[in-house]
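These notes are about the structure you will find just below.
The values are calculated or read from the model by the stated rules, or taken from the named source; none is laboratory data. Every value quoted in this text rests on a predicted model; they were computed, and no experiment measured them. Cβ coordinates were reconstructed from backbone atoms using ideal geometry, including for glycine residues, and neighbour counts include every protein chain displayed. Just the protein is used for accessible areas: all its heavy atoms, side chains included, with ligands, DNA and RNA removed. Shrake-Rupley method; radii C 1.70, N 1.55, O 1.52, S 1.80 Å.
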Amino acid sequence: PGKQPEREVDSLCPYCGVGCQLTFQVSDNRILAVKGRDGPANHNRLCVKGRYGFDYVHSKERLTKPLIRRTDAPKERSLEVDPANPLTHFREASWEDALEVAAAGLARIRETTGPDALAGFGSAKGSNEEAYLFQKLVRTGFGTNNIDHCTRLCHASSVAALIEGIGSGAVTAPFYECENSDVIIVIGATPTVNHPVAATFIKNAVKRGATLIVIDPRGQGLTRHAHLHLQFRGGTDVALLNAMIHTIIAEGLSDPDYIARFTQDFDALKARVADYSPEKMAPLCGIPAEVLRRAARLYASAKAAMIFWGMGISQHTHGTDNARCLIALALLTGNIGKPGAGLHPLRGQNNVQGASDAGLIPMFLPDYRSVDDNAVRALFEAAWGRPIDPQKGLTVVEIMDAAHRGAIRGMYIMGENPAMSDPDQTHVRQALATLDHLVVQEIFLTETAAFADVILPATSFLEKDGSFTNTNRQVQIGRQAIEPPGEARQDWWIIQELARRLGLDWAYAHPRDAFEEMRQLMPSIRGISWQRLEREGSVTYPCEAADDPGQEVIFGDGFPTASGRARFVPTDIRPPDELPDGDYPFILTTGRILEHWHTGAMTRRATVLDAIEPEPFCHLSPDDMGKAGILPGETIRVRTRRGAIELKARLDRDVSSGTLFIPFCYAEAAANFLTNPALDPDGKIPELKFCAARLERT
Ligand code: SF4
């Protein structure tokens with residue numbers, strides 16, 4: 001207390017996709033405090049994670065030396081460790097030895113079983129340059145497109161619908177454009193928890209006079225600012241949204257000039273939704289017909305309206321259909337490409353937008369150019385000097401399934417924790433234990449790293465330079481504030497050392513070299529140089545030339561599709577994969593809480609955040625607690641067809657009767673032992689927001 005910092009370093013918050021700019025105050029290679037800066041996305045504001053979520057970097061549990069698995073350590077018992085000696089299954093090694101063993105194992109599988117027996121998971125927490133280098137290594141060094149990251153669990157379905165409908169997977173306007181909206185819809189998102197600083201812009205817009213419609217099966221922080229809250233029955237999104245589309249068309253509230261000028265396939269949409277009257281849909285979604293009509297009229301009569309959505313829309317087996325409906329609402333009413341209007345899927349991780357842009361996904365090379373397009377591949381093959389597999393690779397859940405059945409034999413995982421984040425953990429952990437060779441690059445011995453053959457100690461966000469792209473398409477620089485502990489090394493350096501040992505002649509000297517290569521290959525960021533980022537602090541893409549200011553609101557004069565028009569894609573109701581029944585009468589839904597980030601690897605080691613929310617709990621409605629005779633704080637067991645966990649009950653008036661909500665950040669009661677791996681057929685995203693569960697007394 002009272003200690004003056006030796007220096008201040010301007011950087012970013014590493015948590016959510018808002019991309020708040022901040023300043024680290026540093027002394028003796030330690031973070032003393034954090035201050036918000038006047039960045040375009042935060043105007044000096046920070047949430048509790050941004051302000052207090054940093055001392056994980058100083059944790060005694062940081063990995064500081066390369067580790068190689070002991071030959072007598074059984075993989076199936078990887079998570080059975082003595083808490084006093086958690087590294088018991090590993091021996092310390094030199095970097096040279098660890099890199100040799102890591103690369104030799106991957107090369108052996110490539111040569112004997114073939115490139116498609118390998119896969120890589122990169123990370124949306126890494127920089128643009130790390131994402132780019134990682135996917136380049138997997139594509140050209142491994143020889144496969146089996147490369148993915150947690151966007152697959154996040155907005156993969158939204159991106160599939162957006163690319164299909166409007167030709168681009170990113171937001172059409174930054175979130176602060178809601179300052180110019182007169183109607184705002186927030187659906188399947190909880191910004192006060194997951195994007196708290198973005199939520200302040202929405203609240204300010206309401207204070208200024210905008211009408212807020214919250215559509216969510218759970219109550220939430222924005223509900224008390226909303227003019228209308230549609231607390232609909234979980235999993236009935238398409239019924240609800242098609243009823244709104246039906247109303248807009250039937251009541252003549254659409255914008256015929258916009259539809260004629262900028263869209264196609266309107267007649268197909270009109271014919272499909274004819275049968276989706278609010279009166280028919282009301283019993284399904286649990287919202288009175290008149291309220292559905294009111295929401296549709298409010299949205300359609302706005303001069304400018306924005307739609308924000310999150311995982312409540314995307315994490316369903318019908319997630320792509322849900323997003324198709326939201327796109328149709330915006331196109332019907334011309335609410336796209338003008339001030340105060342737009343479609344904004346709120347991005348979760350701080351760099352999930354940039355990692356996807358950089359090609360860390362199996363079907364697209366950088367800038368969303370398809371790997372099965374010969375001309376696209378030829379361009380990247382010429383730049384990279386290596387052939388690229390013409391087949392699209394497998395996605396996250398497909399890779400784990402392939403590992404489980406023995407088709408994937410080796411993996412390289414950088415900064416992802418599938419042994420906590422992926423659905424059906426019993427299956428995932430068996431898959432990880434089955435691999436012949438697993439290389440994990442991490443800052444902690446995560447649940448995934450515990451299964452590794454080689455662990456490469458990496459750097460935290462605060463120990464490296466890199467560019468990151470937030471939910472608004474703003475590219476910004478995160479700067480190194482402190483030195484890494486022990487022998488931990490920068491991630492780009494580790495990727496390059498592995499690449500060299502796998503036969504690639506890379507010679508990057510700094511992340512800026514990788515960024516310069518990226519912008520030569522990615523028209524969307526061609527006008528953004530590293531020097532410009534240093535100078536301007538934040539540049540929005542598309543930005544095609546050095547004097548291009550970047551475009552915040554896009555698609556005012558057409559769409560980047562083959563026809564230049566956006567497409568309506570009609571949808572029909574498809575129920576969730578697993579409905580409640582007599583044995584499993586509850587709906588289980590999972591998500592984040594304000595204080596803890598994703599699988600908890602960082603925030604559960606941040607002292608203040610863990611002190612606020614130290615233990616796992618299951619949220620229940622007062623009604624369900626009363627019926628079951630359960631008291632708040634009582635330990636209960638939640639079971640699904642895939643497993644059971646024990647945790648405490650918490651009374652939550654925002655949860656509907658018949659629904660359970662469990663945060664997925666607690667390893668001691670990992671919610672993903674319960675979740676359903678069934679996939680959306682288009683986005684390949686698992687249905688993390690809906691499965692059947694039952695409550696048991698312990
Ligand atoms: Fe960090 Fe997001 Fe909070 Fe901003 S809103 S401080 S980026 S977690």
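Structure summary
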quantity	calculated
Filtered residues of the range 629-677 (kept if closer than 17 Å to Glu615 by Cβ, under 26 Å from the mean Cα position of the chain (by Cα) and surrounded by fewer than 19 Cβ atoms within 10 Å (Cβ to Cβ))	Ala667, Glu668
Subset of the range 113-132 (residues that are farther than 17 Å from Thr434 by Cα and assigned to a helix (DSSP H, G or I))	Pro115, Asn128, Glu129, Glu130, Ala131, Tyr132
So Phe555, is it crowded, with 18+ Cβ neighbours inside 10 Å, at pLDDT 95 or above, touching an Asp or Glu at 6+ places or on another chain (Cβ under 9 Å) and farther than 30 Å from Arg697 by Cα	no
One residue from Ile147, Ile109, Ile184 being farther than 27 Å from Leu462 by Cα and either within 16 Å of the ligand (Cβ to nearest atom) or crowded, with 24+ Cβ neighbours inside 10 Å (or both)	Ile184
Subset of the range 22-41 [touching a residue at least 24 places away in the same chain (Cβ under 8 Å), within 20 Å of Gly537 (Cα to Cα) and out of contact with any strand residue (DSSP E or B) (no Cβ under 6 Å at 6 or more places or on another chain)]	Ala41
Hits in the range 166-222 - residues which are touching a Pro at 6+ places or on another chain (Cβ under 7 Å), part of a loop (DSSP other than H, G, I, E, B) and at negative phi	Ser168, Val171, Leu222
Residue that is least open to solvent (accessible area, probe 1.4 Å), among those in the range 1-36 that are outside any strand (DSSP E or B) and more than 16 Å from the ligand (Cβ to nearest atom)	Pro5
Boolean, Asn335 is under 23 Å from Gly209 (Cα atoms) and crowded, with 21+ Cβ neighbours inside 10 Å	yes
Members of the range 357-375 found to be open to solvent by 10 Å² or more (accessible area, probe 1.4 Å), small (Gly, Ala, Ser) and touching a helix residue (DSSP H, G or I) at 6+ places or on another chain (Cβ under 9 Å), listed by number	Ser370
Neighbours by Cβ (under 6 Å, 6+ apart or cross-chain): first from the range 52-63, in a loop (DSSP other than H, G, I, E, B); second within 15 Å of the ligand (Cβ to nearest atom) and open to solvent by 10 Å² or more (accessible area, probe 1.4 Å)	Phe54/Ile31
Matching residues in the range 452-479 - criterion: being more than 16 Å from the ligand (Cβ to nearest atom), open to solvent by less than 10 Å² (accessible area, probe 1.4 Å) and of a type outside the set (Ser, Thr, Tyr)	Ala452, Val454, Ile455, Leu456, Pro457, Ala458, Glu463
Filter result for Ala198 (within 26 Å of Phe555 (Cα to Cα), under 18 Å from the mean Cα position of the chain (by Cα) and within 16 Å of the ligand (Cβ to nearest atom))	yes
Test: residue in the range 92-100 that is within 20 Å of Glu447 (Cβ to Cβ), part of a helix (DSSP H, G or I) and either over 25 Å from the mean Cα position of the chain (by Cα) or within 16 Å of the ligand (Cβ to nearest atom) (or both)	no
Leu137, sole failed condition from (1) away from the ligand (no atom under 16 Å from the Cβ); (2) surrounded by fewer than 22 Cβ atoms within 10 Å (Cβ to Cβ); (3) modelled with pLDDT of 95 or more; (4) part of a helix (DSSP H, G or I)	(2)
Counted residues, the range 282-303 - those being closer than 26 Å to Gln264 by Cα and open to solvent by 10 Å² or more (accessible area, probe 1.4 Å)	7
Residue among Ala205, Ala210, Ala160, Ala199 that is among the aliphatic types (A, V, I, L, M) and either open to solvent by 40 Å² or more (accessible area, probe 1.4 Å) or closer than 25 Å to Phe568 by Cβ (or both)	Ala160
Residue, farthest from the ligand (Cβ to nearest atom), within the range 42-73, restricted to residues that are of a type in the set (Ser, Thr, Tyr) and within 16 Å of Ala488 (Cβ to Cβ)	Thr64
Filter pass, Lys49 being touching a strand residue (DSSP E or B) at 6+ places or on another chain (Cβ under 6 Å), at pLDDT 95 or above and either under 30 Å from His195 (Cβ atoms) or in a loop (DSSP other than H, G, I, E, B) (or both)	no
Among (1) open to solvent by 20 Å² or more (accessible area, probe 1.4 Å); (2) under 25 Å from Leu456 (Cα atoms); (3) β-branched (Val, Ile, Thr) - the single one Val57 does not satisfy	(1)
1 or more residues within 30 Å of Glu164 (Cα to Cα): qualifying strands (runs of 3 or more DSSP E) within the range 580-698	586-591, 676-679, 691-697
Number of the exception - Ser78 against (1) surrounded by 19 or more Cβ atoms within 10 Å (Cβ to Cβ); (2) modelled with pLDDT of 95 or more	(2)
All positions within the range 533-550 that are within 19 Å of Asn470 (Cβ to Cβ), at pLDDT 95 or above, in a loop (DSSP other than H, G, I, E, B) and open to solvent by less than 80 Å² (accessible area, probe 1.4 Å)	Tyr541, Pro542, Cys543, Asp548, Gly550
Selection status of Phe380, closer than 26 Å to Leu253 by Cβ and either in contact with a strand residue (DSSP E or B) (Cβ under 7 Å, 6 or more places away or on another chain) or open to solvent by less than 10 Å² (accessible area, probe 1.4 Å) (or both)	no
Pairs where the first residue, in the range 349-360, is on the phi > 0 side of the Ramachandran plot and the second is open to solvent by less than 10 Å² (accessible area, probe 1.4 Å) and in a helix (DSSP H, G or I), C-beta under 7 Å, 6+ apart	Gly359/Tyr132; Gly359/Gln135
Cβ pairs under 7 Å, 6+ apart, first in the range 4-20 and farther than 20 Å from Asn194 by Cα, second more than 16 Å from the ligand (Cβ to nearest atom)	Pro5/Val26; Pro5/Ser27; Pro5/Leu32; Glu6/Val26; Glu6/Ser27; Arg7/Val26; Val9/Val26
